[in-house]
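A short write-up of the structure that comes next.
The values are calculated or read from the model by the stated rules, or taken from the named source; none is laboratory data. Because the structure is predicted, anything quoted here is derived from the model rather than measured. Ideal geometry is used to build each Cβ from the backbone, glycine not excepted, and the neighbour counts take in all protein chains shown.
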């Protein structure tokens, strides 16, 4: 169970994080109609793809490394479940069969990964957007609902979704101000296995940043901040305390930052103490 699943399922850990949040007042511009609307019913796909796209774009600009971590885990999980012995071992051996569906999906993934790397080097945002959709569809096999999509590589709706992602990226390029410092893209936390896994969008120095591709930033604001608090507590356990949390609302082009102390009902030491006890209780079950 991941950090987001704890919050969504309101486990003792998730409920503690939700109850610890002080809801801040958003700027008036966050309550206005979004600049970029979604006309389909693929909200989750666009949100995940935007995360991949921004990380690829930052890699292209800053020269940091990019790997589609969750998509890689998902394709590995799919291959291991195959009846084809070549597919089960292809990640290690590089040897695939010529006919089974699993090996063909591996070949497509290899192509997609190569296209993304070339697009990053060439600063080709359109190709980055296209591959971000492919990676995002694979995420759905690793994360809930754990559904394998045979059309993960491309779909008929991609042209519309690519257009929307390009608009979101252009707005992000104009409106988002990246803090100065070392970038950690999609970082995991050493202590995250204690609660089943957690991967943040971006950390820069002592600021944790999360992208939200929602129509109404007020919706699920407590949940979003609880997630950032969870990341902050995990980072504290790793000996790397964070000071600031930032939400970027991608459809409005609004960057909203607060000291973590201002969204937390307890002081950080008290919150960390309770968090540690809840983690111990989870391990004892």
Apart from one, (1) under 29 Å from residue 9 (Cα atoms); (2) touching a helix residue (DSSP H, G or I) at 6+ places or on another chain (Cβ under 6 Å); (3) at pLDDT 95 or above; (4) in the same structural domain as residue 50 (by TED's automatic domain parsing) all hold for residue 254; the odd one out is (4)
Scanning segment 249-268 for residues that are assigned to a loop (DSSP other than H, G, I, E, B) and over 23 Å from the mean Cα position of the chain (by Cα), the one surrounded by the most Cβ atoms within 10 Å (Cβ to Cβ) turns out to be 266
Counting only residues that are buried (at least 19 other Cβ atoms within 10 Å of the Cβ) and farther than 16 Å from residue 110 by Cα, segment 143-162 contains a total of 2
Filtering segment 94-129 for residues that are within 19 Å of the chain's Cα centre (by Cα) and over 29 Å from residue 84 (Cα atoms) leaves a count of 4
Check: Got at least one residue in segment 130-152 being farther than 25 Å from residue 199 by Cα, touching a residue at least 60 places away in the same chain (Cβ under 8 Å), in the same structural domain as residue 50 (by TED's automatic domain parsing) and in a helix (DSSP H, G or I)?
Finding: no
(1) touching a residue at least 12 places away in the same chain (Cβ under 8 Å); (2) assigned to a helix (DSSP H, G or I) all hold for residue 197 apart from (2)
Closer than 25 Å to residue 251 by Cα, in a helix (DSSP H, G or I) and in contact with a helix residue (DSSP H, G or I) (Cβ under 7 Å, 6 or more places away or on another chain): is that true of residue 50 in this structure? yes
Per the filter on segment 74-100, residues surrounded by 13 or more Cβ atoms within 10 Å (Cβ to Cβ), in a helix (DSSP H, G or I) and without any contact (Cβ under 8 Å) to a residue 60 or more places away in the chain are 76, 79, 86, 87, 88, 89, 90, 91
Checked 190, 210 against criteria (surrounded by 15 or more Cβ atoms within 10 Å (Cβ to Cβ) and either touching a strand residue (DSSP E or B) at 6+ places or on another chain (Cβ under 8 Å) or in the same structural domain as residue 254 (by TED's automatic domain parsing) (or both)); the one match is 210
Of (1) in contact (Cβ under 8 Å) with a residue 12 or more places away in the chain; (2) assigned to a loop (DSSP other than H, G, I, E, B); (3) under 20 Å from the mean Cα position of the chain (by Cα), residue 181 satisfies every one except (3)
Condition set farther than 18 Å from residue 147 by Cα and out of contact with any helix residue (DSSP H, G or I) (no Cβ under 8 Å at 6 or more places or on another chain), scope segment 53-82, selection modelled with the lowest pLDDT: answer is 63
